[in-house]
Amino acid sequence: MPKPRESFDHDSYPWKPGVDYRETPEAYRVGKGEQGVLICEPYKSEIVAHWRFKTPDEARESSRAITTMFRDYLDRGDFVGADMARKFLQMGYTRARRYANYRGGRKYDKGDGHPLERGTGDPIKAESAAVFHEAWKAAEADPDYAARKTSWKRERG
């Protein structure tokens, strides 16, 4: 059953709207998975403009654009931007998989919250998910990124 939104603790969530994470990178936390991906500006706005997974062709174009951004951020020494790009690649995979597994991307009924039937989704999204999965795993395996991530997590969280 999904966690009720009213139980979310906004105060303890490390990512805050209204923070410019390029100007104050020390406020950024890596976190788990995709946490903070839709909050951390200006990166969210820069990357989300390229994020698409409706078709495999869109996913390929999108993942290439985001991978280019990932590398550009790394080349500029901007770990926060690189990590955000990695999160968008991961989110491309997870969202496309959800749409591949569930019609409309919904795991739970909107009205009563009961789980919906798995396997009712769009099989085309599975190919989109595979495109993003490959790009996400390649980004995570990048030695420069991996070293910076380890250092960042040790120093800042």
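Read-outs: derived from the displayed coordinates by stated rules, not from any lab. For clarity, every value in this text was computed on a predicted model and none was experimentally measured. When we count neighbours, we look across all protein chains shown, and the Cβ atoms used for this are built from the backbone with ideal geometry, even at glycine.
How tilted is helix 123-141 with respect to the longest principal axis of the chain? Cα atoms for both, answer in degrees (0 to 90, nearest 10).
20 degrees
Compute the FRET efficiency between ARG76 and ILE39 as 1/(1 + (r/R0)^6), taking r as their Cβ-Cβ distance and R0 = 35 Å, and round to the nearest 0.05. Present the calculation step by step, with values, prior to reporting the outcome.
Details: r = 22 Å, r/R0 = 0.62.
The calculated FRET efficiency here is 0.95.
Taking the Cα centre of each part, how many Å lie between segment 71-88 and segment 92-127?
29 Å
Enter the angle in degrees (range 0 to 90, nearest 10) between the Cα long axis of helix 143-155 and the first principal axis of the Cα atoms of the chain, meaning the one along which they spread out most.
80 degrees
Which value, in debye to the nearest 20, describes the size of the charge dipole of the chain about its Cα centre when Lys and Arg Cβ atoms bear +1, Asp and Glu Cβ atoms bear -1, and nothing else is charged? List each step's numbers first, then the result.
Numbers: 30 positive and 26 negative charges, 93 e Å.
Once rounded to the nearest 20, the dipole reads 440 debye.
Going by alpha carbons, how many degrees (0 to 90, nearest 10) lie between the helix axis of 79-101 and the longest principal axis of the chain?
On a 0 to 90 degree scale, this one is about 10.
So which lysines pass the test for LYS107, namely a Cα distance under 16 Å, with those fewer than 8 places away in the same chain ruled out?
Here the lysines satisfying the reach criterion relative to LYS107 are LYS3, LYS125.
For a protection proxy built on the mean count of beta-carbon atoms within 10 angstrom, sort 88-99, 71-82 highest first, please. If you can, show how the numbers build up before the last one.
Values: 88-99: 22.1, 71-82: 17.4.
Output ranking for 88-99, 71-82: 88-99, 71-82.
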